[in-house]
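Trainee: One structure, as structure tokens, below. Some questions next.
Each reported figure results from applying straightforward, stated rules to the coordinates on display, with no laboratory input. Quick caveat: nothing in here was measured; it's all calculated off a predicted structure. Virtual Cβ from ideal backbone geometry, glycine too; neighbours counted across all protein chains shown.
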Amino acid sequence: MAFRVKTMVKKEFTRVADRQWIPVVLSGEGLPKWMQGIPEDITELVLASGTFIDPRIVQLNSITYDDVVGGIDVFRYDEKDKAKGFPYNKDHYILVINQSNEDAILVHGPLKDHRHWIEQLPELPDGIEVIESKAE
């Protein structure tokens, strides 16, 4: 996957941000529009968390991101990596306040870290909220 900065409408992330860093699962129409290019048949799980209160500074892969309001992890099945013992890939996206448009968020990614190749999907806590519909 090629890295490029995408834009997301702020209201697409409001229900996630309202939970103040408590992770949620995104699926179906609850996925932001920029994710429409990720093939559904290989996407196993999408986790998101963040907040609009008190943005953070994050450093990943020698790049510093200011005004970070959230993150999204996309877990994909990858047949090529299955033989290596890592059937899943995790792509991380960092969400940053768009300084030139207050109604938008910049999405940086996919970013890979030391946990990109994984053996199994993460265990989810009981009762994790699942967002399956568009923001109103």
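Trainee: Checking the cross-link filter: which lysines have an alpha carbon closer than 22 Å to that of LYS134, excluding same-chain neighbours under 8 positions apart?
Mentor: LYS6, LYS10, LYS11, LYS33
Trainee: How far apart, in nm, are two points set 7 Å out from the Cα along the Cα-to-Cβ line at ASP18 and at ASP126?
Mentor: About 2.6 nm, to one decimal.
Trainee: Sticking with this structure for a sec: Mind checking the log10 I(q)/I(0) for the chain at q = 0.13, 0.15 Å⁻¹? Debye, one equal scatterer per Cα, no solvent, two decimals.
Mentor: Result of the Debye calculation: -0.54, -0.73.
Trainee: If you average the sequence gap of Cα pairs under 8 Å that are 6 or more apart and divide by the length of the chain, what percent do you get for the contact order?
Mentor: 31 percent
Trainee: Just in the range 56-101: which trypsin sites (Lys or Arg not before Pro) are loop by DSSP and have at most 16 other Cβ atoms within 10 Å? Walk me through the intermediate numbers first.
Mentor: Values: sites: ARG56, ARG76, LYS80, LYS82, LYS84, LYS90; in loops: LYS84.
Here the trypsin sites (Lys or Arg not before Pro) that fit, given the DSSP loop and packing criteria, are LYS84.
Trainee: Got a sec? How would LEU111, LEU47, LEU121 order by Cβ neighbour count within 10 Å, fewest to most? Working shown, then result.
Mentor: Details: LEU111 17, LEU47 20, LEU121 14.
Taking fewest neighbouring Cβ atoms as first place, the list is LEU121, LEU111, LEU47.
Trainee: Using amide H atoms built 1.01 Å from N in the peptide plane, name the residues 5+ places from LEU45, or on other chains, whose amide H lies under 5 Å from its own.
Mentor: For LEU45, the qualifying residues are PHE75.
Trainee: Please compute the contact order of the range 1-68 in relative form: average sequence separation of alpha-carbon pairs under 8 Å and at least six residues apart, divided by the residue count, as a percent.
Mentor: Across the range 1-68, relative contact order equals 32 percent.
Trainee: Report, in whole Å, the centroid distance computed from the Cα atoms of the range 24-50 and the range 89-136.
Mentor: Between the Cα centres of the range 24-50 and the range 89-136 lies a distance of 8 Å.
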